[in-house]
Structure formats: structure tokens, C-alpha cells
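J.: Here it is: the structure, laid out below.
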Amino acid sequence: MSKKNLSILTPSFFFLIVVILISGCINNNQGNSLNNNNITPETWKMEEVWNVSTVGIPFMDLRPDGGLAAAIDHNNAILYLAKPNGESKKFNVQENDWGSPLVVGVFIINDSAYVPATYAEFEGARVYTWEGLSNEIKLQEGIVRGGIDTAARSPNGMHVCYLRTGTLYCDDWKFDIGNMSNMLSVSDDGYVVVGPENPILVLKDGKVVSSINASSNMALAYKDKIITQMNNGLAVLNPEGKILASNNNFSFNVGALLKIIPVPSEKYLFAFKAFEKTHVLDWNLKEVRTLPGYPEFANDNFVVTSDNGIIHCYSLKDFHEVFNVTVPGDSIGYIKLSNDGKVMLVSGETGGFYLYRGARKE
């Protein structure tokens, strides 16, 4: 606009512009706490609907829509299923076996909970529905040495993999992986990362896509990306091993209970530095902002952090806080949140599970 045009503007018009600009600055400084229509962002409180005391490694899973939660009492080989209305059931996954199984995880696909384990007379998974045992997946029959090292599903539940000594079983294919074990990641796009020996293997449909000499010997598959550490910095690669982005200010870490940092979501990665905050990065590894606490979980809509005994959930639309909950028990093991943010499953580091359901704030 020219000086000539500016001269005809009235004082009231200038006042209106100033008010608009100040209002915009305030909203930006508050982290977009209000949307463009000045409507208060949605928040809710979380109510505990179910809990159970257990001992051992806190294996658990939550169906993406929040309709079913599964938790393992590791030391007693008990599977718990719970619904967000508070209903629950439990099953002894030893069934009628002569010996106790060595359970290595649990994951939910549709209405079924898969319990991968080395059972008394086979290696594989027992599958449970709300009604009880419905199927057995036998990767290896008979009493054998070795056993299942780990198992994983993709976030969307479309791909399932089991890793047992020397062999990787995924969907309808298997692959001889030699001595690799103990680390397995499966993406929604069907890419599978196996380690921790160097190089790390990236597979799909039973074929090796690439081998990556990552400096951390660990990696995570997310959709069509591989996240790892290269040259002492955080790196994002394509499945063929080409580096798409890197940032030496952050690193790829594996914490207690093999929790991987950074935590990925559709638009962001959530990294962490010791004694700092959660750093929000885009997929070019450029920092967007920070959030309080330690990143625990993320999906395409929300990120969950923990900070000084409080669990916080933030919307990824505008980063306003949706809810917060005091950490149940003495520690945090795992956290999973439904896609709509209304169901949350929390464990302690050595057992104990808590299921929450969202309710409108009064």
C-alpha cells in the first residue's frame, strides 16, 4: 500500500488493525491455545476405569480405536483383557501345558490378543478373544532350544512379525537372519528392521531392501522411513538407506524397557536431551517447538509426555494440552493412547496396569 493510500485511512481503522495484530501475537505466544474462531480447544479429564497389580516385564497393547486393551502378568503368565467401560477378563496362557511359557509380548489385532511365547511344546503365539483361546500359531513344534526372542506388529495392525533364533517370520513369509536378534520394528508400509548386529537389515516381503551401517546399531521403521543414528547424529533414511535428513544436535536412544527415542508421528518426531524438554522436530529434523517433559507416546493426533509425576497429552493440531493425569504407581513403563485420545493404557516399569477413559470436563 502506498503512502498516498495510507493517508486516507481513518484513526478507527488503524485502531482495528492494531487490535487484530496484538490479538494474533497473544495467540501465537500462547502456543495457539485458541483457534482462528476464538473457540476454546477441546479438553477432557481422564477417569481410571480399570487397574490390576502384576509383577514382571509390563507387556501391553491397546487397539488403535481404544476398544480393547491387553496386559500381561509376566511372572504368572496371565493375560488380562479390558474394555473402556471397565469390564475385564483374565486367562492363564499356560492353559494345560506341563510347563510355564516364556512370554515375550502381547499385541492386539482387531478383536484378538496375540501372546507370543516359547510354550511347553511349541514356539509361536496363542490367540485370545473375549471368549477365550481361539487359535494357536505354531512357528516351531516340539521342545526345541532357542525360543522366540521378540514379536511386533505394525501400528495399524496390518503386519505381524516374530523373531526366533535364526529365523524371522512375517505375515506369510520367513527369512533366515543368522545371529540377529532382540530388536524388531515393523512399519505400516510393511518394512521390517532387524538388528542389533551391524549392518542393520531392512526387509520387505521376504527380501532385503538394504543393509545400514548405523552408528547406534539400532533403528526404527515408520511407514516408509527408517530412523536411526548416523555419524553421531539423528538421521532419517529411506528404506534403501539414503539419508534424507540428519541433525547432530539429537541422537537415537534406547531407554529402559527398550523404549525408543525419538517417538515418531505422521508430521513430527519427538526427541529428548538429558535434563531438557521434549523437542518437536519435523521430518527434515528441524526443530519446531518444545514441550514439557519426556516423550512417552505419539500417534497422528496426540503426543503424550511425562513431567515431574504428571502425564500430559497435547493435541498435534495446535499443541494445546488436552488432559493431564498424575502418574499412577511409582513409575512409568509404557503408555499407549487411542487415536481419538479418549482411552489411555499405562503401566509401571515392573508391572501394574491402569486403563483410563476420557470424559467431558464439568
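J.: For residues that are hydrophobic (A, V, I, L, M, F, W, C) and in contact with a Lys or Arg (Cβ under 9 Å, 6 or more places away or on another chain), scanning just region 333-362, find the one that is surrounded by the fewest Cβ atoms within 10 Å (Cβ to Cβ).
T.: Top of the filtered list is Ala359.
J.: So, one more: Of (1) surrounded by fewer than 16 Cβ atoms within 10 Å (Cβ to Cβ); (2) in contact (Cβ under 8 Å) with a residue 24 or more places away in the chain; (3) farther than 23 Å from Asp61 by Cβ; (4) not polar (S, T, N, Q), Leu257 satisfies all except one. Which?
T.: Of the numbered conditions (1) surrounded by fewer than 16 Cβ atoms within 10 Å (Cβ to Cβ); (2) in contact (Cβ under 8 Å) with a residue 24 or more places away in the chain; (3) farther than 23 Å from Asp61 by Cβ; (4) not polar (S, T, N, Q), the odd one out for Leu257 is (3).
J.: Still on this structure, please answer the following. So the check is Cβ under 9 Å with 6+ separation or different chains; which pairs have a first residue in region 169-182 that's closer than 12 Å to Ala152 by Cβ and a second one that's among the aromatic types (Phe, Trp, Tyr) and at pLDDT 90 or above?
T.: Taking only residues 6 or more apart or on different chains, the pairs are Tyr169/Tyr162; Tyr169/Phe175; Cys170/Tyr162.
J.: Please enumerate the residues belonging to region 93-108 that are surrounded by 18 or more Cβ atoms within 10 Å (Cβ to Cβ) and part of a strand (DSSP E or B).
T.: Once the filter is applied, which keeps residues that are surrounded by 18 or more Cβ atoms within 10 Å (Cβ to Cβ) and part of a strand (DSSP E or B), region 93-108 yields Val103, Phe107, Ile108.
J.: Looking only at region 260-269, which residues are more than 28 Å from Gly56 (Cα to Cα) and of a type outside the set (Gly, Ala, Ser)?
T.: The answer is Glu266, Lys267, Tyr268, Leu269.
J.: Kindly establish whether Ser210 is surrounded by 13 or more Cβ atoms within 10 Å (Cβ to Cβ), closer than 21 Å to Asp300 by Cα and free of Cβ contacts under 8 Å to residues at least 60 places away in the same chain.
T.: no
J.: Taking region 67-92 on its own, how many of its residues are of a type in the set (S, T, N, Q) and crowded, with 22+ Cβ neighbours inside 10 Å?
T.: 0
J.: Another question, if that's okay. Filter region 314-362 down to the residues that are hydrophobic (A, V, I, L, M, F, W, C), within 14 Å of Val304 (Cβ to Cβ) and touching a residue at least 40 places away in the same chain (Cβ under 8 Å) and list them by number.
T.: Leu316, Phe319, Val322, Phe323, Val325, Leu337, Val343, Met344, Leu345
J.: What single numbered condition from (1) on the phi > 0 side of the Ramachandran plot; (2) modelled with pLDDT under 85; (3) not charged (D, E, K, R) fails to hold for Thr165?
T.: (1)
J.: Whether any residue in region 183-194 is small (Gly, Ala, Ser) and touching an Asp or Glu at 6+ places or on another chain (Cβ under 9 Å) is what I want to check.
T.: Looking through region 183-194, at least one residue is small (Gly, Ala, Ser) and touching an Asp or Glu at 6+ places or on another chain (Cβ under 9 Å).
J.: Also: Does Glu197 satisfy the criteria of being of a type outside the set (S, T, N, Q) and more than 21 Å from Thr165 (Cα to Cα)?
T.: Against the criterion (of a type outside the set (S, T, N, Q) and more than 21 Å from Thr165 (Cα to Cα)), Glu197 does not qualify.
J.: Also, quick follow-up: List the residue pairs whose Cβ atoms are under 8 Å apart, where the first residue sits in region 39-66 and is crowded, with 16+ Cβ neighbours inside 10 Å, the second is in a loop (DSSP other than H, G, I, E, B) and aliphatic (A, V, I, L, M), and the two are 6 or more positions apart or on different chains.
T.: Correct list of pairs: Phe59/Val104; Phe59/Val106; Met60/Val106; Asp61/Val106; Leu62/Leu68.
J.: Right, next: Please report, ordered by residue number, the strands (runs of 3 or more DSSP E) entirely within region 111-159 with at least 1 residues that are surrounded by 15 or more Cβ atoms within 10 Å (Cβ to Cβ) and small (Gly, Ala, Ser).
T.: Those strands (runs of 3 or more DSSP E) span 112-118, 122-129, 148-153.
J.: Here's another thing I want to ask about it. For region 224-255, how many residues are part of a strand (DSSP E or B) and closer than 21 Å to Tyr334 by Cβ?
T.: Of the residues in that region, 3 qualify.
J.: Inside region 44-64, can you point out the residues that are within 23 Å of Asp111 (Cα to Cα) and out of contact with any strand residue (DSSP E or B) (no Cβ under 8 Å at 6 or more places or on another chain)?
T.: Pro64 - this is the single residue of region 44-64 that is within 23 Å of Asp111 (Cα to Cα) and out of contact with any strand residue (DSSP E or B) (no Cβ under 8 Å at 6 or more places or on another chain).
J.: State all residues of region 322-348 that are part of a loop (DSSP other than H, G, I, E, B), under 30 Å from Asn76 (Cβ atoms) and either among the β-branched types (Val, Ile, Thr) or at pLDDT 95 or above (or both); if no residue qualifies, say none.
T.: Once the filter is applied, which keeps residues that are part of a loop (DSSP other than H, G, I, E, B), under 30 Å from Asn76 (Cβ atoms) and either among the β-branched types (Val, Ile, Thr) or at pLDDT 95 or above (or both), region 322-348 yields Val327, Pro328, Ile332, Gly333, Tyr334, Ser338, Gly348.
Conditions (1) within 14 Å of Pro58 (Cβ to Cβ); (2) in contact with a Pro (Cβ under 6 Å, 6 or more places away or on another chain), marked per residue:
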{"residue": "Pro295", "(1), (2)": "no, no"}
{"residue": "Ala298", "(1), (2)": "no, no"}
{"residue": "Leu316", "(1), (2)": "no, no"}
{"residue": "Asn324", "(1), (2)": "no, no"}
{"residue": "Pro328", "(1), (2)": "yes, no"}
{"residue": "Leu345", "(1), (2)": "yes, no"}
{"residue": "Tyr354", "(1), (2)": "yes, yes"}
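J.: Among the residues of region 256-263, are any out of contact with any helix residue (DSSP H, G or I) (no Cβ under 7 Å at 6 or more places or on another chain), in a loop (DSSP other than H, G, I, E, B) and within 23 Å of Pro196 (Cα to Cα)?
T.: There is at least one residue in region 256-263 that is out of contact with any helix residue (DSSP H, G or I) (no Cβ under 7 Å at 6 or more places or on another chain), in a loop (DSSP other than H, G, I, E, B) and within 23 Å of Pro196 (Cα to Cα).
J.: Please tell me if Glu266 is assigned to a loop (DSSP other than H, G, I, E, B) and either charged (D, E, K, R) or surrounded by 17 or more Cβ atoms within 10 Å (Cβ to Cβ) (or both).
T.: Yes, satisfied.
J.: From Phe275, Phe319, which residue is within 27 Å of Ala214 (Cα to Cα), of a type in the set (Phe, Trp, Tyr), over 12 Å from the mean Cα position of the chain (by Cα) and not in a strand (DSSP E or B)?
T.: Being within 27 Å of Ala214 (Cα to Cα), of a type in the set (Phe, Trp, Tyr), over 12 Å from the mean Cα position of the chain (by Cα) and not in a strand (DSSP E or B) holds for just one of Phe275, Phe319, which is Phe275.
The values are calculated or read from the model by the stated rules, or taken from the named source; none is laboratory data. Fair warning: this is a prediction, and the values are worked out from it, not measured in the lab. Cβ atoms come from the backbone with ideal geometry, glycine included; neighbour counts cover every protein chain shown.
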